[in-house]
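Engineer: My questions will all concern the structure given below.
The values are calculated or read from the model by the stated rules, or taken from the named source; none is laboratory data. Every value quoted in this text rests on a predicted model; they were computed, and no experiment measured them. Counting neighbours? That spans all protein chains shown, and the Cβs are built from the backbone with ideal geometry, glycine included. Areas reflect the complete protein model, heavy atoms only, side chains present, ligands, DNA and RNA absent. Shrake-Rupley method; radii C 1.70, N 1.55, O 1.52, S 1.80 Å.
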Amino acid sequence: MRSKLIGLGAIAAVSALALAGCSGTPSEDDDAPAAGEIVIWTDAEREAAITAAAEKFEEETGATVTLVQKNFEDLRADFIAQVPTGEGPDITVGAHDWLGALVTAGVVDTIDLGDKASSFEPVALEAMTYDGQLYALPYSLETIALIQNVDLVGTEAPATWDDLIARGTAAGTERPFVINTNGETGDGYTMYGFQTSFGAPVFVQDETGSYTNEVGMGGAAGEAFASWLGANGANGTGILSTTIDYDTNNTLFNEGKVPYTIQGPWAISAFPDVNVVVNPIPSAGGQDAAPFVGVQGFYLSSQSKNKLLAQEFLVNYLGTEDAQRALYEADPRIPAWTSLAEEVSSDPIIAGFVASSKNGVPMPSIPEMGKVWDFWNAAESQIISGADPVSTWNQMITDLTAALAG
Amino acid sequence: MTAESTRRTRPTLPAGGSHARNWRGLGGGFLLKLALMALVNALGVSVVLSAIAAESWIILAVSVVLLVAADVIYFTRRALPLKYLFPGLVFLLAFQVFTLGYTGYVAFTNYGTGHAGSQQQAVDAALIQAERRLDDSPSYPLAVVQRGDELGFAINDDGRLRVGTAEQPLRDAGALPDSSSAPASVPGWDVVPRALLLGDAELQEQVASLRVPISADANDGSLRTREGSTAAVYRSSLVWDEQAQTITDVDSGVVYTADPSTGNFVAADGSTLPTGWIVTVGFDNFLRAFTDQRYSVPLLQVTGWTFAFAALTVFTSFALGLFLAIVFNDERVRARRVLRTLFLFPYAFPAFMSALLWRGMLNSEFGIVNDLFFFGADINWLGDPWLARLAVIWVNLWLSFPYWFLVCLGALQSLPGETLEAATIDGAGPWRRFRSITLPLLLVSTAPLAIASFAFNFNNFTIIYMLTSGGPYFTGGAAQLGATDLLISAIYKISGVAGGTADYGLASALSIIVFLVIGAISALAFRQTRKLEEIQS
């Protein structure tokens, strides 16, 4: 009995080892590979474009590039969680406003573009810069702009908010203008162009353009913006309304019930029935309206085992006009590569967004920004629905400052 | 009980025991078992091997124990009950005990943004962030050179060959034929071919971390390479002293000391370096949740609403479901089957879709609810705290009454008909029969489900997140919580995962508190339901 048992155990163990051996063999080679391997995390849209650059790279260096496809929304949290354990990738696609969290977590390496820096849009490099250091290779920009219905109000851009409302009213439609407030939640992002035109940036920028953690939207400028929100909200003209969410906004515009809206390039496909033209956002408070610019790029892991190879791929293969064009074709966003941006501006819609992005500022990438949204959105929503503008706004600044201090 | 008597109680087994142990006959059962166990062992051994590779000793220990246990259990004659229990126990361990244990562990640490790795990684990050390329530094064509174990850089400095190592600052080594290409050969050194360099991860790491001073004065900066073909002059403002556990800023003279209690590098003036590391912080997270006014006051309101929401949801949906079940169980209702099916529709939709649809329908200007039922009045369902709470309860009632309809319908049909008949003969009216017979008997089988439903709705994140996102918001407080936030959505907001500044430690501590509350309520409630069962016996 006992001997039979040991025999069976041995059979099991041997077969197990044999099976494990089959799967284990390739990984043992990792210690002494013929050529290096880099792992890149990407989302579905960009996978094809990176593949093209990767194939060229593999051909010329003999290295292997492994693409791992993930949901874009998961990339940041997964990158922060997995890089410290050594399981993370060498490179990941990401948005610039993740940068503060990535730097604080210590998971990103700096990169050096050298002479190539001059080929990129300055606002894109600024966005990928944190505390004076460049952390990613940018490749695309996105921003919001004023979208107008040519058949109702022509192609001419309104110069100011009052001008916009006058023209919109003259068009004789249901409403002169519509803007997404994300329902009851509020949408500080879409409203930000108007806010900056009152001189109330969300965070103060220092002389190098880096954001400090000092809240900049308090004081008289912020109160003026809040009063403007209140005056155009439920207790005022009613032009701004918390009943508008993303889909309602786009439906109203597409049905020709509104001649003007503010949206990003991602919404253009929701307007198949409208002859649109894109212009910069008009000023409501007298200064230039500066919407947020978002930048996408490629980050390098601080724990990469193949730093030289990854840096080489990033700078010398993805940082070329061909690769940037392939990325644009795979997922058409405004290119961060200047000559390419000029080239695609032959499309008037893209040209409109490019023009709007030139007025824009990068969305703050400091970790504090993550705490701003809820407070900020809620206060705007409450003011639009009729709460006292100045006291609601100042309460929000107080709460926010307290939350950031903790 | 002796072994002999045990054997006698199982007369159906063949003399040799189970088919899975038997060589005689076809032996198919045994071979199948052998194949399955080989798979299990293969899986286990590969887990063990990768645990060794990843140096995760806890996983290694657990998987070795489980693997040995599996082989012992399935290849011995004894431990028959374990043969059935073992798979379940493994899953319990992997999915419940481990998750709970890990949550518990995280609750006692400061894990979150800024505290995501080890101390060494925090040091690396600080040094990376502090090292900058000198503004006026050109890019030099570079060759990586080797002499024995020693690595060095050879650069082309405008036609001059210059060589150096980590210990030996750059020195002039003669002229080069041109001023723009990397040195092809360096006297006294072997040039490392680029293909070899890029193919060897270990060598890459050495080269990436190699710094060659450009002069005897360290403040002039040193050469480093990013991709192995060009070099530039960089200078770091921070110096790490492992012995003293300090990082010194050489420009300002500030010394940052490692603080093992908070997991940060702290200077004398209280300022810290951005990147910290994971340390255990004891009960800090629990204390913070209870004592920090900015969390505890809104959390108290949220807790009250969570209880109200869970209780009201269970009560209203149970009442409506039971009422409809009684009505549609009556044989006098025509087309009962069709109607019953129609009632189940809300149950068949995914809850998050329904919540989103209702969000649109409750819109004060464009919503169908105001247009159709309130004559176009602008009732701001989701903007007023009490209306929003009402809306949440209403939508959840709509979502969950079909479940109770289904459950009650089944329970009603299994009620003993003769008891009710006897009651009727005794002169009890319909209400009396319902109060004294139907409801108590029904509660015996549905009360445990009601408790489960209470626990589920206590954590019903979906409906809150999709319908109101917790709004309308309270003003004041450091966490942006709102009138319809449940504890679970409040934890999600406080953890900050959505905003990118996560505090997993605090979130885990709060989760554990919620778990304890639900556990206590469920235990109490199940004790109460046992009393109900006594009615039946």
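Engineer: Here are some residues: B:SER181, B:SER215. Which one is away from chain A (no Cβ under 14 Å), out of contact with any strand residue (DSSP E or B) (no Cβ under 8 Å at 6 or more places or on another chain) and open to solvent by less than 60 Å² (accessible area, probe 1.4 Å)?
Structural biologist: None of the other options fit; the residue is B:SER215.
Engineer: If A:VAL344 meets every condition in (1) within 14 Å of another protein chain (Cβ to nearest Cβ); (2) surrounded by fewer than 20 Cβ atoms within 10 Å (Cβ to Cβ); (3) over 18 Å from the mean Cα position of the chain (by Cα) apart from one, which number is that one?
Structural biologist: With respect to (1) within 14 Å of another protein chain (Cβ to nearest Cβ); (2) surrounded by fewer than 20 Cβ atoms within 10 Å (Cβ to Cβ); (3) over 18 Å from the mean Cα position of the chain (by Cα), A:VAL344 is out only on (1).
Engineer: Taking the options A:LEU102, A:LEU152, name whichever one is part of a helix (DSSP H, G or I) and assigned by TED's automatic domain parsing to the domain that holds A:THR251.
Structural biologist: Testing whether each residue is part of a helix (DSSP H, G or I) and assigned by TED's automatic domain parsing to the domain that holds A:THR251 leaves just A:LEU152.
Engineer: Restricting attention to the stretch A:118-131, report how many residues are open to solvent by less than 40 Å² (accessible area, probe 1.4 Å) and within 11 Å of another protein chain (Cβ to nearest Cβ).
Structural biologist: 0
Engineer: Same structure again: If the requirement is being open to solvent by less than 40 Å² (accessible area, probe 1.4 Å) and either touching a residue at least 40 places away in the same chain (Cβ under 8 Å) or in contact with a helix residue (DSSP H, G or I) (Cβ under 7 Å, 6 or more places away or on another chain) (or both), which of these qualifies: A:GLY216, A:GLY186, A:GLY238?
Structural biologist: Among A:GLY216, A:GLY186, A:GLY238, only A:GLY186 is open to solvent by less than 40 Å² (accessible area, probe 1.4 Å) and either touching a residue at least 40 places away in the same chain (Cβ under 8 Å) or in contact with a helix residue (DSSP H, G or I) (Cβ under 7 Å, 6 or more places away or on another chain) (or both).
Engineer: Something else about it: Let me confirm something: among A:ILE11, A:ILE91, A:ILE50, A:ILE38, which residue is modelled with pLDDT under 80 and either open to solvent by less than 10 Å² (accessible area, probe 1.4 Å) or within 30 Å of B:ALA70 (Cα to Cα) (or both)?
Structural biologist: Of A:ILE11, A:ILE91, A:ILE50, A:ILE38, the one residue that is modelled with pLDDT under 80 and either open to solvent by less than 10 Å² (accessible area, probe 1.4 Å) or within 30 Å of B:ALA70 (Cα to Cα) (or both) is A:ILE11.
Engineer: Going by the structure shown, is B:PHE265 outside the structural domain of B:ALA244 (by TED's automatic domain parsing), over 19 Å from B:TYR492 (Cβ atoms) and either aromatic (Phe, Trp, Tyr) or touching a strand residue (DSSP E or B) at 6+ places or on another chain (Cβ under 8 Å) (or both)?
Structural biologist: no
Engineer: Could you go through the stretch B:315-322 and let me know if any residue there is over 30 Å from A:ASN235 (Cα atoms), surrounded by 12 or more Cβ atoms within 10 Å (Cβ to Cβ), among the β-branched types (Val, Ile, Thr) and in the same structural domain as B:PRO402 (by TED's automatic domain parsing).
Structural biologist: Yes - at least one qualifying residue is present in the stretch B:315-322.
Listed here are the residues, each with its yes/no results for (1) more than 25 Å from A:SER356 (Cβ to Cβ); (2) more than 26 Å from the chain's Cα centre (by Cα); (3) among the charged types (D, E, K, R).
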| position | (1), (2), (3) |
| --- | --- |
| A:TRP98 | no, no, no |
| A:LEU102 | yes, no, no |
| A:SER118 | no, no, no |
| A:PRO158 | no, yes, no |
| A:ASP162 | no, yes, yes |
| A:GLU174 | yes, yes, yes |
| A:VAL178 | no, no, no |
| A:THR185 | no, no, no |
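Engineer: Next question. Has the stretch B:283-293 got at least one residue that is surrounded by 15 or more Cβ atoms within 10 Å (Cβ to Cβ) and either over 27 Å from the mean Cα position of the chain (by Cα) or among the polar types (S, T, N, Q) (or both)?
Structural biologist: Yes, there is a match, as at least one residue in the stretch B:283-293 is surrounded by 15 or more Cβ atoms within 10 Å (Cβ to Cβ) and either over 27 Å from the mean Cα position of the chain (by Cα) or among the polar types (S, T, N, Q) (or both).
Engineer: What number of residues in the stretch A:247-256 are surrounded by fewer than 18 Cβ atoms within 10 Å (Cβ to Cβ) and within 11 Å of chain B (Cβ to nearest Cβ)?
Structural biologist: So the answer is 2.
Engineer: Then there's this: Taking the stated definitions as given, is B:SER522 more than 11 Å from every other protein chain (Cβ to nearest Cβ), open to solvent by less than 50 Å² (accessible area, probe 1.4 Å), farther than 20 Å from A:LEU102 by Cα and modelled with pLDDT of 85 or more?
Structural biologist: Judged against the criteria, B:SER522 is not a match.
Engineer: Does A:ALA81 qualify as being crowded, with 24+ Cβ neighbours inside 10 Å and either within 11 Å of another protein chain (Cβ to nearest Cβ) or out of contact with any Leu (no Cβ under 8 Å at 6 or more places or on another chain) (or both)?
Structural biologist: no
Engineer: Identify all residues within the stretch A:35-65 that are more than 14 Å from chain B (Cβ to nearest Cβ) and in a strand (DSSP E or B); write none if there are none.
Structural biologist: Residues satisfying the conditions are A:ILE40, A:TRP41, A:THR42.
Engineer: Counting only residues that are of a type in the set (A, V, I, L, M) and surrounded by 13 or more Cβ atoms within 10 Å (Cβ to Cβ), give me the helices (runs of 4 or more DSSP H) lying completely in the stretch B:403-473 with at least 2 of them.
Structural biologist: Once the helices (runs of 4 or more DSSP H) in the stretch B:403-473 are filtered for at least 2 residues that are of a type in the set (A, V, I, L, M) and surrounded by 13 or more Cβ atoms within 10 Å (Cβ to Cβ), what remains is B:417-425, B:439-458, B:461-467.
Engineer: Can you name every residue in the stretch B:332-378 that is open to solvent by less than 90 Å² (accessible area, probe 1.4 Å), under 30 Å from A:ILE239 (Cα atoms) and charged (D, E, K, R)?
Structural biologist: Of everything in the stretch B:332-378, those that are open to solvent by less than 90 Å² (accessible area, probe 1.4 Å), under 30 Å from A:ILE239 (Cα atoms) and charged (D, E, K, R) turn out to be B:ARG359, B:GLU365, B:ASP371.
Quick grid of which residues meet (1) at the interface with chain A (Cβ under 10 Å from one of its Cβ atoms); (2) assigned to a strand (DSSP E or B); (3) out of contact with any helix residue (DSSP H, G or I) (no Cβ under 6 Å at 6 or more places or on another chain); (4) modelled with pLDDT under 90:
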{"residue": "B:GLY117", "(1), (2), (3), (4)": "yes, no, yes, yes"}
{"residue": "B:PHE153", "(1), (2), (3), (4)": "no, yes, yes, no"}
{"residue": "B:LEU161", "(1), (2), (3), (4)": "no, yes, yes, no"}
{"residue": "B:ASP172", "(1), (2), (3), (4)": "no, yes, yes, yes"}
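Engineer: Filtering the stretch B:120-148 down to residues that are within 15 Å of B:ILE278 (Cα to Cα) and touching a strand residue (DSSP E or B) at 6+ places or on another chain (Cβ under 7 Å), which residue is nearest to the other protein chains (Cβ to nearest Cβ)?
Structural biologist: B:ALA122
Engineer: Can you tell me which residue among B:PHE86, B:PHE30 is at pLDDT 85 or above, hydrophobic (A, V, I, L, M, F, W, C) and open to solvent by less than 80 Å² (accessible area, probe 1.4 Å)?
Structural biologist: It is B:PHE86.
Engineer: Report the residue count in the stretch A:369-385 for those that are over 23 Å from A:ASP288 (Cβ atoms) and under 16 Å from the mean Cα position of the chain (by Cα).
Structural biologist: Number satisfying all stated conditions: 2.
Engineer: Under 7 Å between Cβ atoms, at least 6 apart or on separate chains: pull out the pairs that start in the stretch B:27-54 with a residue that is assigned by TED's automatic domain parsing to the domain that holds B:ALA69 and end on any residue that is at pLDDT 85 or above and open to solvent by less than 10 Å² (accessible area, probe 1.4 Å).
Structural biologist: B:VAL40/B:ALA70
Engineer: If you go through the stretch B:184-212, how many residues are on the phi > 0 side of the Ramachandran plot and within 14 Å of another protein chain (Cβ to nearest Cβ)?
Structural biologist: 0
Engineer: Additional query: Only one of (1) open to solvent by 50 Å² or more (accessible area, probe 1.4 Å); (2) among the β-branched types (Val, Ile, Thr); (3) within 10 Å of chain A (Cβ to nearest Cβ) fails for B:THR113. Which number is that?
Structural biologist: Failed condition: (1).
Engineer: So, one more: For A:ASP109, are the conditions met, namely being within 23 Å of A:GLY370 (Cβ to Cβ) and either surrounded by fewer than 21 Cβ atoms within 10 Å (Cβ to Cβ) or away from every other protein chain (no Cβ under 14 Å) (or both)?
Structural biologist: The answer is no for A:ASP109.
Engineer: Could you list, in sequence order, the residues of the stretch A:356-369 that are open to solvent by 20 Å² or more (accessible area, probe 1.4 Å) and either at the interface with chain B (Cβ under 8 Å from one of its Cβ atoms) or farther than 19 Å from A:TYR211 by Cα (or both)?
Structural biologist: Once the filter is applied, which keeps residues that are open to solvent by 20 Å² or more (accessible area, probe 1.4 Å) and either at the interface with chain B (Cβ under 8 Å from one of its Cβ atoms) or farther than 19 Å from A:TYR211 by Cα (or both), the stretch A:356-369 yields A:PRO367, A:GLU368.
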